[in-house]
Amino acid sequence: MFKRKLVSALLVMSMGVAALTGCSSASGDSEKGDSDKIKVSLLVTGALGDKGFNDSANAGIKAIEKQFGDNVEVETIEMGFDQTKFEPSLLDASESDADVIVTGGWDMKAHIENTASLYQDKKYIVYDTDVDYDSYELENVYSMTYKQNEAGFLAGALAALVTTSDMELANPEKKIGFVGARDTSAVINDFLVGYIEGAKFIDKDVTVDVSYVGSFTDSAKAKELTLAQYTNGVDVVFTSAGPASVGSIEAAAASKKYVLGVDSDQAMAYEGKDEQQYIISSALKRVDNSLVGAVEKLLNDELKFNTHEVLGVKEKGVELANNEIYTTTVPEAIRTKVEEVSTQIADGKIKVTTALGMDEAKLKEIIKNAK
């Protein structure tokens with residue numbers, strides 16, 4: 001079924017090009033039914049409006065519709081926060097008329113492994129988690145993760161440059177903060193390890209306060225922890241707590257201190273609001289761009305299934321948000337230094353440590369030594 005639709009879509013593209021060279025039957029050549037389109041369904045855990053990961057994925061789906069709308073139709077399904085409904089939702093999507101199912105995150109890993117092999121006529125694009133290709137038959141699955149440690153390194157470098165600067169809201173103390181979701185999340189800790197390393201790369205005397213919310217959704221707790229860090233002398237906090245990160249942003253506005261967002265460009269999500277001016281950048285996982293790239297490769301029959309890829313600075317899978325707030329609030333000298341660091345990572349001159357596979361004792365030692 002999938003191959004028939006792909007061939008049909010490509011044939012329609014060819015017919016469209018041919019139609020441009022003649023004037024007869026133009027409308028007939030350009031018309032086609034939706035049955036010829038490849039249907040892409042995005043399943044997000046939780047809901048849209050998180051100003052982070054889910055919104056970034058949905059932005060990618062919208063971009064796919066805009067760029068490939070003649071050959072692709074899309075839909076986004078919000079699965080809610082009840083994890084017991086994730087696998088049934090994935091099964092429902094697999095039973096539907098969707099040709100390509102897109103989903104991601106560590107909490108979907110097992111569900112993909114259990115489901116994809118049952119629906120070999122479907123294609124699965126999985127972001128921000130790997131899958132066990134050795135133990136399961138996943139010839140129809142393409143997965144990608146992002147080097148969040150490299151994104152964290154850039155955030156740490158920026159935070160260290162800010163706290164040691166004479167920027168308006170910076171104080172004399174060389175102290176920055178990190179508010180993460182769960183201390184058991186390897187992805188969150190990967191951000192953290194990179195963040196600490198990036199800060200120490202700039203100035204070894206910079207200290208890092210570390211707090212964990214214990215949840216991806218408790219924004220009130222995130223706000224409480226962030227306020228405590230600001231009270232303790234921190235002047236810039238990197239929040240990596242998923243939807244709960246909105247609490248850290250509220251704390252930044254209340255304290256008139258700087259904050260770094262995560263996953264998507266969170267300053268743009270607060271356009272016209274007081275909070276925006278304090279979000280000087282965000283550590284981005286370019287889920288949106290990576291989904292567009294994956295679907296483009298799929299349409300060109302170039303996407304390698306049964307394969308996992310890791311996207312970092314070099315692959316433009318992670319970066320810092322470079323928006324108007326960043327360019328007008330952060331001095332040029334700091335922005336130039338951050339760009340130099342980014343180039344060094346891309347060129348392989350800076351190797352960033354990862355928390356993935358790191359034992360708990362080593363992680364605790366890194367956190368302790370950062371204080």
Within the range 145-154, identify whether any single residue is assigned by TED's automatic domain parsing to the domain that holds G348, modelled with pLDDT of 95 or more and over 23 Å from D265 (Cα atoms), and answer yes or no. no
Among the residues of the range 330-338, are any free of Cβ contacts under 8 Å to residues at least 40 places away in the same chain, outside the structural domain of A186 (by TED's automatic domain parsing) and either under 25 Å from L48 (Cβ atoms) or of a type in the set (A, V, I, L, M) (or both)? no
So which of T343, T307, T353, T328 is among the hydroxyl-bearing types (S, T, Y) and loosely packed, with under 11 Cβ neighbours inside 10 Å? T328
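Considering only residues of the range 199-233 that are acidic (D, E) and not in a helix (DSSP H, G or I), which is farthest from T129 (Cα to Cα)?
Among residues in the range 199-233 that are acidic (D, E) and not in a helix (DSSP H, G or I), the one farthest from T129 (Cα to Cα) is D205.
Condition check ((1) surrounded by fewer than 21 Cβ atoms within 10 Å (Cβ to Cβ); (2) among the hydrophobic types (A, V, I, L, M, F, W, C); (3) outside the structural domain of V262 (by TED's automatic domain parsing); (4) at pLDDT below 95) across all residues:
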residue: S56; (1), (2), (3), (4): no, no, yes, yes
residue: E87; (1), (2), (3), (4): yes, no, yes, no
residue: L91; (1), (2), (3), (4): yes, yes, yes, no
residue: M108; (1), (2), (3), (4): no, yes, yes, no
residue: A116; (1), (2), (3), (4): no, yes, yes, no
residue: D128; (1), (2), (3), (4): no, no, yes, yes
residue: V131; (1), (2), (3), (4): no, yes, yes, no
residue: L138; (1), (2), (3), (4): no, yes, yes, no
residue: V141; (1), (2), (3), (4): no, yes, yes, no
Those residues of the range 156-181 which are surrounded by fewer than 16 Cβ atoms within 10 Å (Cβ to Cβ) and charged (D, E, K, R), in sequence order: D166, E168, E173
Kindly indicate whether any position in the range 78-91 is part of a strand (DSSP E or B), without any contact (Cβ under 8 Å) to a residue 40 or more places away in the chain, closer than 29 Å to G180 by Cα and not polar (S, T, N, Q). yes
Considering only residues that are within 19 Å of the chain's Cα centre (by Cα) and of a type in the set (S, T, N, Q), which ones fall in the range 118-174? T129, S143, T145, Q148, N149
Please enumerate the residues belonging to the range 295-344 that are at pLDDT below 95 and at positive phi. K316
Regarding E139, is this residue out of contact with any helix residue (DSSP H, G or I) (no Cβ under 9 Å at 6 or more places or on another chain) and farther than 23 Å from D50 by Cβ? no
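The values are calculated or read from the model by the stated rules, or taken from the named source; none is laboratory data. All figures in this text were calculated on a predicted structure; none of them were measured in a lab. In this analysis, Cβ positions are derived from the backbone assuming ideal geometry, glycine residues included, and neighbour counts consider all displayed protein chains.
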